[in-house]
Amino acid sequence: MAEERAQSKSGLYEFDVVVIGAGPGGYETAIKASQRGLRTAIVEAEHMGGTCLNVGCIPTKALVKTVNLYEDIQKSAEFGIEGVDPGAVKISMVKLQKRKEGIVKTLVGGVGALLKGNKVEIVKGLGSFVDAHTIAVGDRKLTAEHVIIATGSETFMPGFITYEGETKMITSTEALSLDYIPESINIIGGGVIGIEFAYVFAHLGTKVTVIELMEHILPMVDADISKLARKSLEKAGVAFHTGAKVKTVKDKAVIFEKDGKEQSLEAELTLMAVGRSPYTKGLNAEGIGLEFDRKAIKVDGHMRTNIEHIYAIGDVNGSVMLAHTASHEGFVAVANILGEEEIMSYDRIPSCIYMEPEIASIGLTEAQAREKYGEVKVGKFPMMANGKSLIEGEKSGMMKVILDSELGEILGVHLFAVHATDMISEISVAMNLEATAEEVIGSIHPHPTVSEAVGEAFMAAFYGRPINSL
Ligand code: NAI
């Protein structure tokens, strides 16, 4: 048992592994390390669960749930429910905040209990390298055979945007804690954070404008899906300026350049959502000679930094900033500490965007697949033709599958549908097992489900024809 050992396996240090940062990457990695017999400590300066649990994934989805429920109540007459006066139904931001805080508190408490239950020592305070094997936390000095840095990221405030006067600028952290509904908001950046908040605020009744540099919103998503998402958000009242570069935020106004002309838009609040940057403040990473790639700690495929016994996982290494990527990278790091020589693979990471319908993708977009492979097979299935989706009250959406043109190898799958984020795991398993399209089609999808449409989209791609759509 880890508890009974006073020191690391080598006898030279107090711990086999010290993990710095208890976000979803760090805490899951610490649990894994301890479960695999390594004497492990975790250092956390603020709250267990990091950005994801406290000011990211979890609270955002609590807001999304409330606006989805509100929308369902607004449509209740369509479902045969009488007696609801849609005009009288209101969202209380104060009560919504309370619910959100309750969920966060439960989960944060759960993380502490999980760590303790797995015999990980929790050390509260800011971790700072004294040397490559020693981390100071307040008065205490922890020594470790191996260190895993999992310090996450913070909102990126781009230097190319100038700020003048009294800007009403907030980040996603403040946006999550608003206890009132703003009248209007300008959102800089039409990426994942920008779009999830555009969805929430538009459904709360805020006048939303998104200003995005690229020609498409969600530039990382397949173009067909990004167009459908834009349409759906426009229907909810969101205004878009794409191909628009924000240059200045001045008082309540966002000033941007589009088609060579300068435009200015005022709103009660401005949300900055142009990305996040790796966070290493106070860590003294430079002091011990760790190499950086701009703000990110540089790692190899084993998650190792330039100092062999120090690893960096999650947002801090700047690769793919997603909670599930961070924990997977952490498992790879633990395997490598145990000498198993695992390499992190980034080509099959599912990515989810929470609006309604939901967006979930894995693998290449059609454009990326064509660029890499030339000829590819593409199949699409409209959710209008899926019984369960109609029962759920959702007529819009699409499932899209991209296959290699010869063997039917799965190159990319993109879902825009109700429950899409829960369905993408099927494809993650299929791709991990290197399944072909025929094997996915041959796996029975139950009826009536939204997931039937996955099988149909694969038929559309592989045979050129699905069953339930012409
Ligand atoms: P992002 O990288 O997803 O999007 C930033 C957007 O800002 C891009 O579309 C970019 O073209 C645009 N942009 C950059 N400079 C601009 C300018 N001057 N004017 C106008 N637009 C400009 O970053 P985001 O949305 O801030 O998210 C940060 C990280 O958090 C991402 O890695 C994201 O994947 C992750 N995240 C994941 C979520 C999920 O999995 N559901 C939810 C929220 C965030």
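The values are calculated or read from the model by the stated rules, or taken from the named source; none is laboratory data. Model, not experiment: these values are computed from the prediction. Quick reminder, even Gly has a Cβ in these numbers, built from the backbone with ideal geometry, and neighbours come from all protein chains shown. Areas reflect the complete protein model, heavy atoms only, side chains present, ligands, DNA and RNA absent. Shrake-Rupley method; radii C 1.70, N 1.55, O 1.52, S 1.80 Å.
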Which one of the conditions (1) touching a Phe, Trp or Tyr at 6+ places or on another chain (Cβ under 7 Å); (2) more than 16 Å from the ligand (Cβ to nearest atom); (3) in a loop (DSSP other than H, G, I, E, B); (4) not aromatic (F, W, Y) does I148 fail to meet, given that it meets all the rest? (3)
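Condition test on V454, is it surrounded by fewer than 18 Cβ atoms within 10 Å (Cβ to Cβ) and at pLDDT 95 or above?
On the way: surrounded by fewer than 18 Cβ atoms within 10 Å (Cβ to Cβ): no; at pLDDT 95 or above: yes.
For V454, the condition - surrounded by fewer than 18 Cβ atoms within 10 Å (Cβ to Cβ) and at pLDDT 95 or above - is not met.
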Tell me, which residue of region 108-125 that is hydrophobic (A, V, I, L, M, F, W, C) and buried (at least 16 other Cβ atoms within 10 Å of the Cβ) is nearest to H203 (Cα to Cα)? V108
I'd like the full set of residues that are within 10 Å of the ligand (Cβ to nearest atom) and not in a loop (DSSP other than H, G, I, E, B), limited to region 337-355. S351, C352, I353
Qualifying residues in region 216-245 (those that are open to solvent by 10 Å² or more (accessible area, probe 1.4 Å) and within 10 Å of the ligand (Cβ to nearest atom)) - the one farthest from G189 (Cα to Cα): V221
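Residues of region 307-336 being among the charged types (D, E, K, R) and within 16 Å of the ligand (Cβ to nearest atom), which ones? Please lay out each step first, then the result.
Within region 307-336, the subset among the charged types (D, E, K, R) is 308, 315, 329.
Hits for region 307-336 are D315, E329.
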For region 254-272, name all the residues that are open to solvent by 10 Å² or more (accessible area, probe 1.4 Å) and either more than 11 Å from the ligand (Cβ to nearest atom) or not charged (D, E, K, R) (or both). I255, D259, G260, K261, E262, Q263, S264, L265, E266, E268, L269
Criterion violated by P158 - all others in (1) open to solvent by 10 Å² or more (accessible area, probe 1.4 Å); (2) near the ligand (Cβ under 9 Å from one of its atoms); (3) modelled with pLDDT under 95 satisfied: (1)
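Tally up the residues in region 185-205 that are under 24 Å from G318 (Cβ atoms), of a type outside the set (V, I, T) and part of a helix (DSSP H, G or I), please.
Residues of region 185-205 under 24 Å from G318 (Cβ atoms): 187-197.
If we keep only those that are of a type outside the set (V, I, T) as well, we get 189-191, 194, 196-197.
The next check asks that each one be part of a helix (DSSP H, G or I); those that pass are 194, 196-197.
Here the count works out to 3.
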Just the residues that are in contact with a strand residue (DSSP E or B) (Cβ under 7 Å, 6 or more places away or on another chain) and within 17 Å of E28 (Cβ to Cβ), please, taken from region 337-348. I337
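Yes/no per residue for (1) more than 16 Å from F201 (Cβ to Cβ); (2) open to solvent by 60 Å² or more (accessible area, probe 1.4 Å); (3) among the hydrophobic types (A, V, I, L, M, F, W, C):
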{"site": "L63", "(1), (2), (3)": "no, no, yes"}
{"site": "E82", "(1), (2), (3)": "yes, yes, no"}
{"site": "V94", "(1), (2), (3)": "yes, yes, yes"}
{"site": "K105", "(1), (2), (3)": "yes, yes, no"}
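Name every residue in region 185-196 that is open to solvent by less than 10 Å² (accessible area, probe 1.4 Å) and within 12 Å of the ligand (Cβ to nearest atom), in order of residue number. Steps first, please.
Within region 185-196, the subset open to solvent by less than 10 Å² (accessible area, probe 1.4 Å) is 185-190, 194-195.
Matches in region 185-196: N186, I187, I188, G189, G190, G194, I195.
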The one condition in (1) open to solvent by 60 Å² or more (accessible area, probe 1.4 Å); (2) under 30 Å from Q35 (Cα atoms) that A312 fails to fulfil: (1)
Within region 129-140, is even one residue touching a Ser or Thr at 6+ places or on another chain (Cβ under 9 Å), among the hydroxyl-bearing types (S, T, Y) and under 17 Å from N54 (Cα atoms)? no
Among all residue pairs at least 6 apart or on different chains, which show Cβ distances below 6 Å where the first residue, located in region 306-328, is more than 17 Å from C352 (Cα to Cα) and touching a residue at least 60 places away in the same chain (Cβ under 8 Å) and the second is within 13 Å of the ligand (Cβ to nearest atom) and not small (G, A, S)? V316/P278
Check region 125-141 and report whether any residue there is under 22 Å from A335 (Cα atoms) and part of a helix (DSSP H, G or I). no
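Taking V208 as the residue in question, decide whether it is within 11 Å of the ligand (Cβ to nearest atom), open to solvent by less than 10 Å² (accessible area, probe 1.4 Å), part of a strand (DSSP E or B) and not basic (K, R). Write out each step before concluding.
Values: within 11 Å of the ligand (Cβ to nearest atom): no; open to solvent by less than 10 Å² (accessible area, probe 1.4 Å): yes; part of a strand (DSSP E or B): yes; not basic (K, R): yes.
No, not satisfied.
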Counting just the residues of region 341-375 that are under 20 Å from L415 (Cβ atoms) and among the β-branched types (V, I, T), which one comes out surrounded by the most Cβ atoms within 10 Å (Cβ to Cβ)? I359
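Among the candidates S319, S389, single out the residue that is out of contact with any Cys (no Cβ under 8 Å at 6 or more places or on another chain), of a type in the set (G, A, S) and either in a helix (DSSP H, G or I) or surrounded by fewer than 18 Cβ atoms within 10 Å (Cβ to Cβ) (or both). Steps first, answer last, please.
On the way: S319 fails: either in a helix (DSSP H, G or I) or surrounded by fewer than 18 Cβ atoms within 10 Å (Cβ to Cβ) (or both).
Sole residue among the options that is out of contact with any Cys (no Cβ under 8 Å at 6 or more places or on another chain), of a type in the set (G, A, S) and either in a helix (DSSP H, G or I) or surrounded by fewer than 18 Cβ atoms within 10 Å (Cβ to Cβ) (or both): S389.
Being surrounded by fewer than 17 Cβ atoms within 10 Å (Cβ to Cβ), of a type in the set (A, V, I, L, M, F, W, C) and more than 11 Å from the ligand (Cβ to nearest atom) is the requirement here; does A296 meet it? Break it down into steps so the answer makes sense when it comes.
Details: surrounded by fewer than 17 Cβ atoms within 10 Å (Cβ to Cβ): no; of a type in the set (A, V, I, L, M, F, W, C): yes; more than 11 Å from the ligand (Cβ to nearest atom): yes.
No; evaluated as a whole, the condition is false for this residue.
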Scan region 299-309 and give yes if some residue there is crowded, with 19+ Cβ neighbours inside 10 Å and of a type in the set (G, A, S), otherwise no. no
Could you please find all residues in region 273-282 being within 14 Å of the ligand (Cβ to nearest atom) and outside any strand (DSSP E or B)? A273, V274, G275, Y279
When the residues of region 161-184 are filtered to those that are assigned to a strand (DSSP E or B) and over 24 Å from G102 (Cα atoms), which remaining residue is farthest from the ligand (Cβ to nearest atom)? S184
